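Note sheet for the following structure.
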Amino acid sequence: MQALDAIAFGAFRAAGVADAAHYHEPGTSAGVPCTVLLDEGVEQFTADDVAPIATTIDRVTLQLAEITPRTGGVVRIDGTGRRLKLVQKIRADESTAVWEVACV
């Protein structure tokens, strides 16, 4: 699964959909190169909402073959310098993890 996701992330990066980035563990200054899929303004609903009102979040998808993300870690997008703090893990499998992020 990780090999397939690595191929997909590489294709997304070549197409300009994914970004080169560096991941910084909480409390460290050294960054680890990684590839990030950034989704901005994602609307959040829950299945049991009686009168759903969407809230929006930004989220990133990370490859677990590249890094081991933790709450409080920071992803720096290489092309823009934008820094995104990992706030809460939304979901994960053996290959990727999706995190809600906040700008820092």
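The values are calculated or read from the model by the stated rules, or taken from the named source; none is laboratory data. Only a predicted model underlies this, so the values are computations on that prediction, with no experimental measurement involved. As a convention, Cβ positions derive from the backbone with ideal geometry for all residues, glycine included, and neighbour counts pool all protein chains shown. Areas reflect the complete protein model, heavy atoms only, side chains present, ligands, DNA and RNA absent. Shrake-Rupley method; radii C 1.70, N 1.55, O 1.52, S 1.80 Å.
Applying a 10 Å radius around every beta-carbon, put 92-98, 53-59 in order of their mean neighbour count, most first.
In decreasing order of mean packing, 92-98, 53-59 become 92-98, 53-59.
Treat every Asp and Glu Cβ in the stretch 7-73 as -1 and every Lys and Arg Cβ as +1, leave all other atoms uncharged, and give the resulting dipole magnitude about the Cα centre to the nearest 20 debye.
300 debye
In deg cm²/dmol, rounded to 500, what helix-only [θ] at 222 nm does the chain give when every DSSP H run of at least 4 residues adds -39500 (n - 2.57) and the total is split over its residues?
The helix contribution divided over the chain gives -4000 deg cm²/dmol.
Tell me the carbon and sulfur percent of the accessible area for the chain, rounded to whole percent, probe radius 1.4 Å.
In the chain, the share of accessible area belonging to carbon and sulfur is 54 percent.
Rolling a 1.4 Å sphere over the protein heavy atoms, what is the accessible area per residue of the stretch 2-104, to the nearest Å²?
Spelled out: the 1.4 Å probe surface of the stretch 2-104, per residue, equals 58 Å².
Computed over the Cα atoms of the stretch 54-104, what is the convex hull's projected area averaged over all directions, in nm²?
For the Cα atoms of the stretch 54-104, the hull's average projected area reads 3.9 nm².
With a cut-off of at most 10 other beta carbons within 10 Å, and DSSP calling the residue loop, which GluC sites (Glu not before Pro) in the stretch 29-69 qualify? Please list them.
none
Scaled to the compact-protein estimate 2.2 N^0.38 Å, what is the alpha-carbon radius of gyration of the chain, rounded to two decimal places?
After normalising by residue count via 2.2 N^0.38 Å, the value is 1.10.
With unit charges on the beta carbon (Lys/Arg positive, Asp/Glu negative), name the residue among Thr96, Gly81, Gly41 whose Cα is farthest towards the positive pole of the charge dipole of the chain.
Gly81
Where does the Debye-calculated log10 I(q)/I(0) of the stretch 1-42 sit at q = 0.28 Å⁻¹, using only Cα point scatterers of equal weight, no solvent?
Ignoring solvent entirely, the Cα scatterers give -0.95.
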